[in-house]
Amino acid sequence: MNETVQPHARRKAISRHLREWRGVAKAFLSTSHPIQVQIVPMRRCNLACGYCNEYDNFSSPVALVEMERRIDKLGELGTSLVTISGGEPLMHPDLEKIIARIRRNGALAGMITNGYLLVPERIQSLNAAGLDYLQISIDNVQPDEVSKKSLKVLDKKLLMLAEHARFDVNINSVLGSGVRNPEDALIIAKRAVELGFISTVGIIHDGKGQLRPLTGREAEVYQLVRRLGKRNFARFNKFQDNIAAGREHDWKCRAGARYLYICEEGLVHYCSQQRGYPGISLHDYTVEDIRREFETGKSCAPLCTVACAHYTSVLDQWRRPQHPPLVQIGAPASPAAVEEADLAGVLD
Ligand code: SF4
Ligand code: SF4
């Protein structure tokens with residue numbers, strides 16, 4: 001990022017890429033371990049975005065000793081990438097120790113944050129802990145009554161990241177239902193690229209959790225932002241194109257097997273959108289559970305916009321078919337989590 005730190009940053013980037021490729025090779029060789037896990041160390045958030053059902057304003061952080069047990073268990077299962085989300089993970093007092101534990105278990109470490117609590121010293125401590133990826137979702141250029149995650153507020157945080165971060169930074173902008181000004185996504189994406197960050201764009205559902213085709217200008221902005229982001233993964237682009245057009249997508253969701261969501265209670269869920277399935281304690285989760293879920297179809301798959309689950313599952317698209325869903329579960333319901341869960345792509 002900053003020119004003065006290039007050699008050091010380059011070494012770290014090379015090491016990260018090697019570990020990524022190791023994760024990809026391992027994923028191709030075996031289907032019996034999770035590729036990517038999203039884990040919540042605290043549900044509390046310092047913001048209160050109007051669309052979000054992923055936070056509260058009171059809960060305590062999960063104790064470090066318990067977080068370390070969970071991370072060790074993910075290590076035993078052979079997880080390649082652990083992404084910390086929330087709530088707001090920067091509010092957890094032992095976040096850096098959690099990141100270090102992820103790395104000690106041999107996994108790549110990512111984090112999704114609203115960025116408000118970032119200061120240079122904290123970025124340095126995230127470097128030292130071994131963070132590999134950080135994502136910030138920016139919803140608009142000017143804050144409004146729905147979201148304070150605006151470029152106006154966060155730009156100074158982006159400058160701090162550009163100067164101090166030794167990890168990859170991904171700035172996610174959003175389009176779709178409830179986004180007042182589609183041009184904002186383009187402004188945010190251009191700023192991200194200008195600062196040397198990765199730029200992605202998420203598409204959010206309407207209020208009933210259903211896909212809605214992008215309008216004319218939204219669709220144009222979507223293509224412009226995607227070109228800026230230089231995404232080149234044909235299968236994933238097809239998924240993105242289908243979402244943008246409001247079309248169903250034909251794919252095999254491997255959630256519960258290759259992609260897990262671990263809530264603050266330590267339960268395994270398919271994803272942030274389908275909590276309660278399978279709803280088994282992580283400590284009791286076994287390779288048999290992974291094998292069962294690998295082959296279980298998900299009825300919510302055709303309208304799903306959970307990008308990280310798509311990214312993860314695409315590695316196994318070519319192999320073993322799935323049997324029909326054991327239970328009918330509804331369409332994904334929370335625009336916030338969909339928008340925030342797009343850290344993936346790091347293994348592409
Ligand atoms: S969208 Fe993110 S920042 Fe906003 S309330 Fe939810 S968890 Fe907090
Ligand atoms: S919402 Fe998407 S990621 Fe979650 S279980 Fe359904 S298809 Fe899979």
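The values are calculated or read from the model by the stated rules, or taken from the named source; none is laboratory data. Small disclaimer: the values here were computed from a predicted structure and weren't measured. Note that we place each Cβ from the backbone using ideal geometry, even for glycine, and neighbour counts take in every protein chain shown.
Is it true that Asp72 is surrounded by fewer than 20 Cβ atoms within 10 Å (Cβ to Cβ), of a type in the set (D, E, K, R) and within 16 Å of ligand 1 (Cβ to nearest atom)?
No, not satisfied.
Within the range 257-273, being away from ligand 1 (no atom under 16 Å from the Cβ), in a loop (DSSP other than H, G, I, E, B) and over 16 Å from the mean Cα position of the chain (by Cα) holds for Ala257, Glu265, Gly266. Residues of the range 50-72 that are within 20 Å of the chain's Cα centre (by Cα) and of a type in the set (Phe, Trp, Tyr): Tyr51, Tyr55. Of all residues in the range 243-260, those that are farther than 12 Å from Pro321 by Cα have Cβ atoms under 7 Å from Cβ atoms of residues that are of a type in the set (D, E, K, R) and in a loop (DSSP other than H, G, I, E, B), 6 or more apart or on another chain, in Gly246/Arg212; Ala255/Lys298; Arg258/Asp316. Just one of the listed residues (Glu288, Glu293) is closer than 23 Å to Ser85 by Cβ and more than 8 Å from ligand 2 (Cβ to nearest atom), namely Glu293. Checking each residue in the range 214-246 for being at pLDDT 85 or above and among the charged types (D, E, K, R) picks out Arg217, Glu218, Glu220.
If you check Tyr51 against the conditions, is it in contact with a Cys (Cβ under 6 Å, 6 or more places away or on another chain) and either surrounded by 14 or more Cβ atoms within 10 Å (Cβ to Cβ) or not hydroxyl-bearing (Ser, Thr, Tyr) (or both)? No, not satisfied.
Residues that are small (Gly, Ala, Ser) and either out of contact with any strand residue (DSSP E or B) (no Cβ under 9 Å at 6 or more places or on another chain) or on the phi < 0 side of the Ramachandran plot (or both) within the range 135-193 comprise Ser137, Ser147, Ser150, Ala162, Ala165, Ser173, Ser177, Ala185, Ala189, Ala192, listed in sequence order.
If the condition is being outside any helix (DSSP H, G or I) and either within 23 Å of Ser15 (Cα to Cα) or in contact (Cβ under 8 Å) with a residue 40 or more places away in the chain (or both), then the range 148-170 contributes Lys148, Lys149, Ala165, Arg166, Phe167, Asp168, Val169, Asn170. Look at (1) surrounded by fewer than 23 Cβ atoms within 10 Å (Cβ to Cβ); (2) at pLDDT 85 or above; (3) over 20 Å from Val40 (Cα atoms) and you find that Ala331 fails only one, number (2).
The residue that is farthest from the chain's Cα centre (by Cα), counting only those in the range 171-182 that are outside any loop (DSSP other than H, G, I, E, B) and over 14 Å from Ile112 (Cβ atoms), is Gly176.
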